[in-house]
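**Student:** Just passing along the structure, written as structure tokens.
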Amino acid sequence: MSRRSNRSESPSRSSRQSRPSRRGSGKSSKNLPLAGIVLLMAGVILLLQTTGVLPWDMWLGLWRFWPLLVIALGIQILFGRKIGWWATVLVIGAILVAIGGALLVGAGNEKPVDSVAEPLIGLESADVSIKFVAGDLALKSLPAGSPNLVEGQFGTEGQGARVQLIRSQNKGKLLISIDRQPWIRWFSKASWKLALSQTTKLTMDLDVGAADAKLDLRELKLSELNVNAGAANVEIVMPASAGNVVASINAGAADITLVIPQGVSAKIKKRTGVSSFAIDAGRFPLSGDVYVSPDFEAAKNRVTINLEIGAANVTVK
């Protein structure tokens with residue numbers, strides 16, 4: 001009987017030996033998918049940037065952390081087959097550290113401020129960029145003879161503003177934006193009061209979202225103005241004695257009022273969607289497809305206005 005039992009067991013033993021080892025396949029399945037994780041994290045970063053949660057300039061700081069990819073590859077080689085999921089966690093952690101470091105590098109040493117006063121110190125011209133999300137924005141000129149390029153007060157719930165002035169000989173670049181905390185800024189209302197030098201030659205880029213903006217540019221030496229407005233209420237008084245001024249205004253669901261001082265000639269070109277447009281036809285009669293002052297070409301002080309308008313209400317007076 002014992003011989004029969006040994007014979008009957010032999011096929012089962014051989015069948016076990018012929019089966020592929022499941023343990024070996026399990027080890028291969030634990031290999032760390034490094035490339036997949038990197039692509040996944042890159043996709044998440046791009047999604048957060050396109051939705052405004054993360055800034056695009058974060059990539060300038062992120063490249064400094066490329067050695068972390070070498071570390072992640074070393075983790076895969078050393079531990080990928082033994083503790084695959086732990087290695088995955090370590091790689092993801094390393095990438096998150098790089099993202100956090102890039103944000104800190106991008107922010108630099110700037111701190112949110114609630115006021116600003118930047119002296120001219122030889123500046124003859126400046127490019128001004130203002131990014132404003134929601135609330136009240138008032139912009140005007142400083143008193144004649146002021147020693148400063150800009151003065152301002154920033155009242156913002158839960159956050160301040162960021163101000164950066166880059167000097168290059170007698171030219172400056174002034175950047176003013178709301179503190180970069182997207183999860184707060186959309187639910188807070190800011191109140192900014194800014195004033196710029198009368199004597200400095202300026203160009204200006206202004207981005208406003210759901211804002212109530214009043215820009216009195218009457219006394220400024222402004223040569224170029226670019227305005228992007230969302231669901232905003234914007235009133236702009238154009239410069240009175242700045243020579244030749246070019247203004248481009250792109251607006252969505254906004255109310256735009258343009259005031260052209262007496263003695264200033266104007267040429268207004270418009271592309272509109274569903275909007276209303278009211279203009280002082282006595283001062284700016286229609287000629288072809290543009291509204292233009294009769295003495296525009298010979299005028300000492302004149303402004304060319306290009307309007308790209310969606311569902312907005314525009315008044316020119």
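**Student:** Give the residues of the stretch 264-300 that are touching a residue at least 40 places away in the same chain (Cβ under 8 Å), crowded, with 18+ Cβ neighbours inside 10 Å and not in a strand (DSSP E or B), sorted by residue number.
**Tutor:** none
Per-residue answers, yes or no, for (1) outside the structural domain of Ser191 (by TED's automatic domain parsing); (2) closer than 15 Å to Trp192 by Cα; (3) at pLDDT below 90:
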residue: Ala94; (1), (2), (3): yes, no, yes
residue: Ile99; (1), (2), (3): yes, no, yes
residue: Asp127; (1), (2), (3): no, no, no
residue: Leu137; (1), (2), (3): no, yes, no
residue: Asn148; (1), (2), (3): no, no, no
residue: Gly155; (1), (2), (3): no, yes, yes
residue: Gln164; (1), (2), (3): no, no, no
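**Student:** A follow-up question, please. With a cut-off of at least 1 residues that are of a type in the set (Asp, Glu), within 21 Å of the chain's Cα centre (by Cα) and closer than 19 Å to Val314 by Cα, name the strands (runs of 3 or more DSSP E) lying wholly within the stretch 189-255. Steps first, answer last, please.
**Tutor:** Numbers: elements: 190-196, 201-216, 221-229, 233-237, 244-251.
Where strands (runs of 3 or more DSSP E) fall fully within the stretch 189-255 and carry at least 1 residues being of a type in the set (Asp, Glu), within 21 Å of the chain's Cα centre (by Cα) and closer than 19 Å to Val314 by Cα, they are 201-216.
**Student:** Then there's this: For the stretch 254-263, which positions are among the small types (Gly, Ala, Ser) and either surrounded by fewer than 16 Cβ atoms within 10 Å (Cβ to Cβ) or at pLDDT 95 or above (or both)? Spell out how you get there, then give the answer.
**Tutor:** Narrowing the stretch 254-263 to residues among the small types (Gly, Ala, Ser): 254, 263.
The one that is among the small types (Gly, Ala, Ser) and either surrounded by fewer than 16 Cβ atoms within 10 Å (Cβ to Cβ) or at pLDDT 95 or above (or both): Gly263.
**Student:** Shifting gears a bit: Run down Ala278, Ala299, Ala266 and say which single residue is closer than 23 Å to Asp216 by Cβ and touching a Leu at 6+ places or on another chain (Cβ under 9 Å).
**Tutor:** Details: Ala278 fails: touching a Leu at 6+ places or on another chain (Cβ under 9 Å); Ala299 fails: touching a Leu at 6+ places or on another chain (Cβ under 9 Å).
The conditions single out Ala266.
**Student:** Sticking with this structure for a sec: Any residue in the stretch 239-248 that is at pLDDT 95 or above, more than 26 Å from Ala144 (Cβ to Cβ) and touching a strand residue (DSSP E or B) at 6+ places or on another chain (Cβ under 8 Å)?
**Tutor:** The answer is yes, given that some residue of the stretch 239-248 is at pLDDT 95 or above, more than 26 Å from Ala144 (Cβ to Cβ) and touching a strand residue (DSSP E or B) at 6+ places or on another chain (Cβ under 8 Å).
The values are calculated or read from the model by the stated rules, or taken from the named source; none is laboratory data. Keep in mind it's a predicted model, so treat the numbers as computed, not measured. We place every Cβ from the backbone using ideal geometry, glycine too, and count neighbours over all the protein chains shown.
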